[in-house]
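Just below is one structure, and these are the notes that go with it.
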Amino acid sequence: MTPRAIIVGAPRSGSGKTSVTVGLLRAFARNGVKVRGVKSGPDYIDPGFHEAATGHPALNLDSWAMHPSLLSHLATEQASDADLLIIESAMGLFDGIRGEPNRSGAASDLAALFGTPVLLVLDVSGQSQTAAAIAYGFAHYDPAIRIAGCVLNRIGSERHRTLCTDAITRIGLPTLGSVFRDPSLILPERHLGLIQATEHPEMNTHIDRLADAMEASIDLEAVFLAAAPFDPPKGSSDHAIPPPGQRIAVAQDAAFTFVYPHVARHWRSAGAEIVPFSPLADEAPPKDCDVCWLPGGYPELHAGRLAVAETFRNGLISFADTRPVHGECGGYMVLGASLEDANGEMHRMTGLLSHQTSFASRKMNLGYRQATLLSDTAIGCKGHVIRGHEFHYSRVIYPGDDEPLALIVDGLGNSIGVSGGRRGNVSGSFFHGIARG
């Protein structure tokens, strides 16, 4: 049976896309539909909620960072055993950056590439018939994008629902559901966005509550029928980031939470083995691994524990004597000499690189990055181009004296300068790699 797919989009962030998506994923799953989640763009938190809702690994598809052939390859893999793909948009449906056609990073690129219709989530709080004007604009903004229907979110009353629904019906769009305002459905947040699914103490209960709300408010059969048959163009994994070794020690605990699912999946499919270990439990990378990867996460929230994890620190230093070690974002912070927490207290880190970072005086760094590597490291060889993303509030307060890891430009090609550091077998940067350029 050919799988079907639909994109959950909205005019802006905060419209309720994630709550609707997660609720629909769980609702379809418990009704016997083999449903899988996909997140458009570089957001690394929402896929965790998709996986929690379905019990199956989720996926990022990013049209700026990923070559179209890699998008097709990954989407085909995700749909291989599914009845339905639900693709959650980042930000607003058309929000991206200037660039090549359909390479903006917007979810609308995926809608055009795959011919996938959009379920438009409208936060109608503070408006009524005006919602129809917004829906009309979405339906006519780009003739390549088809709006299959609307879900009205944060409805205040039956009269409010009727006013919105009647107006949208008059412009020729169906309303497939209306979700009444309910503060208990809101997912908790912190400085990098939502609290991750694995950290929510009652996540399964909360997702069931979302599913209950969506089943009561949205016509699931109509959503399934609005989804279109999904048959992406033939793709390849040529632009995927290759595994850095055969046995890869990956830090995995509350301080190191983030590896892109598609990256880990490709490493495994290429024959590599991922071996998790926990720095917070004072574990060193296993000695029988040939590379160590410290992913992003929240070391700034656990700096005190990491500072006294002597087995981890000494084991990582010993490991780096003979084998590659790479850190992304949070991992890069831990590779440095010290980390200042939110209270201004300085904590010793591993010292494998010489920079110092701080979370005390926060400054948001956010955006696409294209990195040209300046030497051979675990993430790639000298001259390789890696496309990815940067999102953090911590900053470098002392750059150190290591060799830079890469030359980087932003998503528009504007030079940012050198990034990260390299010393011997150790490398790292705030930059998260998504795919090869």
Hey, how many Å between the Cα centroid of region 125-168 and the Cα centroid of region 8-70?
-> 22 Å
Under a 1.4 Å probe, what is the accessible area of the chain per residue, stated in Å²?
-> 39 Å²
Give me the percent of the accessible area of the chain that comes from carbon and sulfur atoms, probe 1.4 Å, all protein chains in place.
-> 50 percent
Proximal aspartates and glutamates to Lys382, defined as alpha-carbon separation beneath 14 angstrom and excluding residues fewer than eight positions away on the same chain | Glu403
Ranked packing of 338-351, 255-268, most packed first, by mean Cβ within 10 Å | 255-268, 338-351
Leaving ligands, DNA and RNA out of it, work out the accessible area of Leu301 with a 1.4 Å probe and give it in Å² to the nearest 10.
-> 80 Å²
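Let me know the charge dipole size of region 2-51 about its Cα centre in debye, to the nearest 20, where only the beta-carbon of Lys, Arg (+1) and Asp, Glu (-1) is charged. Don't skip to the answer; put the middle values down first.
Values: 8 positive and 3 negative charges, 41 e Å.
It works out to roughly 200 debye.
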With all protein chains modelled, accessible area of Glu390 [1.4 Å, Å²] = 20 Å²
Point-charge dipole on Cβ atoms (K/R +1, D/E -1) for the chain, about Cα centre, debye to 20 = 620 debye
Per principal axis, largest first, the Cα atoms of the chain extend in Å by 68, 45, 41
Asn31/Asp231 FRET efficiency (R0 25 Å; Cβ-Cβ; nearest 0.05) = 0.55
With charges only on Cβ, +1 for K and R and -1 for D and E, what is the dipole size of region 71-163 about its Cα centre, in debye, rounded to 20?
-> 420 debye
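Rank by packing, highest mean first: peptides 369-378, 278-287, 105-114, with packing defined as the count of other Cβ atoms within 10 Å averaged across residues.
Working: 369-378: 19.9, 278-287: 17.5, 105-114: 24.5.
Descending packing order for the listed peptides: 105-114, 369-378, 278-287.
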Each label point is 7 Å from the Cα along the Cα-to-Cβ direction; what then is the distance between the points at Thr372 and Asp182, in nm?
-> 5.4 nm
Cα long-axis angle, helix 158-170 against the chain (0 to 90 degrees, to the nearest 10) | 80 degrees
Taking a straight Cα-to-Cα line shorter than 18 Å from Lys17, and setting aside same-chain lysines fewer than 8 residues away, one finds Lys39
Going by alpha carbons, how many degrees (0 to 90, nearest 10) lie between the helix axis of 203-217 and the longest principal axis of the chain?
-> 20 degrees
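The values are calculated or read from the model by the stated rules, or taken from the named source; none is laboratory data. This one's a predicted model, so the numbers in the text were calculated from it and none came from an experiment. Please note: Cβ atoms are built from the backbone with ideal geometry, for glycine as well, and neighbour counts cover all protein chains shown. In case anyone asks, the SASA skips ligands and DNA or RNA and just uses the protein heavy atoms, side chains included. Shrake-Rupley method; radii C 1.70, N 1.55, O 1.52, S 1.80 Å.
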